[in-house]
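Just below is one structure, and these are the notes that go with it.
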Amino acid sequence: MCDIGDPVYSAVMAIFTGKALPLLGCMALVLAACGSCSSDESTTAVRPATPATDTAPAADTGTALPDGDVVAEGGDKSYTFKVIASRESTAGKVAPVAVEVVPKTGWKMNEDFPTKLEITAPATAKVDGKEQTKDDAAAFELHRALWKAQVTPAAAGKKELSVELRFAVCTATTCVPKREQVTWAMTVH
């Protein structure tokens, strides 16, 4: 707290009681007063609320990443990109595939861009969610986009799968189209 005998405090009080110096001098005194009072008590600045980071994860509402291997990670200064899929599966068994984009600080997903995800698999594999747009995404928000698909291989052997994603990320002043293409092998037993 300020001491009543403090000259800066007295000058500030003069401003509020009508015994003020010219306007420019008053502003200088107020600015000086902001940093001149000392106290043993700490002050706390008011900050915007931030979400808690140590809370339990929410129940899966379809937006959680599936179990599997991270078959690709990438991105650049504006986003991170991840593909999660199984590197091994069994013929006739569903193998999940997930593609996630997370814009970095200062960037966001472009909701107006004609976003498109394509998953390519051998003819002997069935793909649910082979072609998707932002409307098909499990989550498409300003700070995260997630697509999910399912691949069901019909025959044993080594299968090559690929994902191509076209999207855009934006700052307050610019939008940049992006393209990610990933290929990986799945061993089917």
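Values computed for the structure shown
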| item | result |
| --- | --- |
| Extended-chain gain in nm, criterion 0.36 nm per residue less alpha-carbon gap, T173 and T124 | 13.1 nm |
| Theoretical gain in end-to-end length, V102 to A185 [0.36 nm per residue, Cα-Cα removed] | 27.4 nm |
| Long pairs among K126/K178; K104/K159; K77/K130; K77/K108, criterion Cα-Cα beyond 22 Å | K126/K178; K104/K159; K77/K130 |
| Calculated over segment 119-189: convex hull of Cα atoms, volume per residue (Å³) | 89 Å³ |
| Packing rank of 109-117, 126-134, 78-86, where each peptide gets the mean count of other beta carbons within 10 Å, highest leading | 78-86, 109-117, 126-134 |
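Values quoted throughout were computed directly from the atomic coordinates according to the rules given, and no laboratory measurement underlies them. Small disclaimer: the values here were computed from a predicted structure and weren't measured. In this analysis, Cβ positions are derived from the backbone assuming ideal geometry, glycine residues included, and neighbour counts consider all displayed protein chains.
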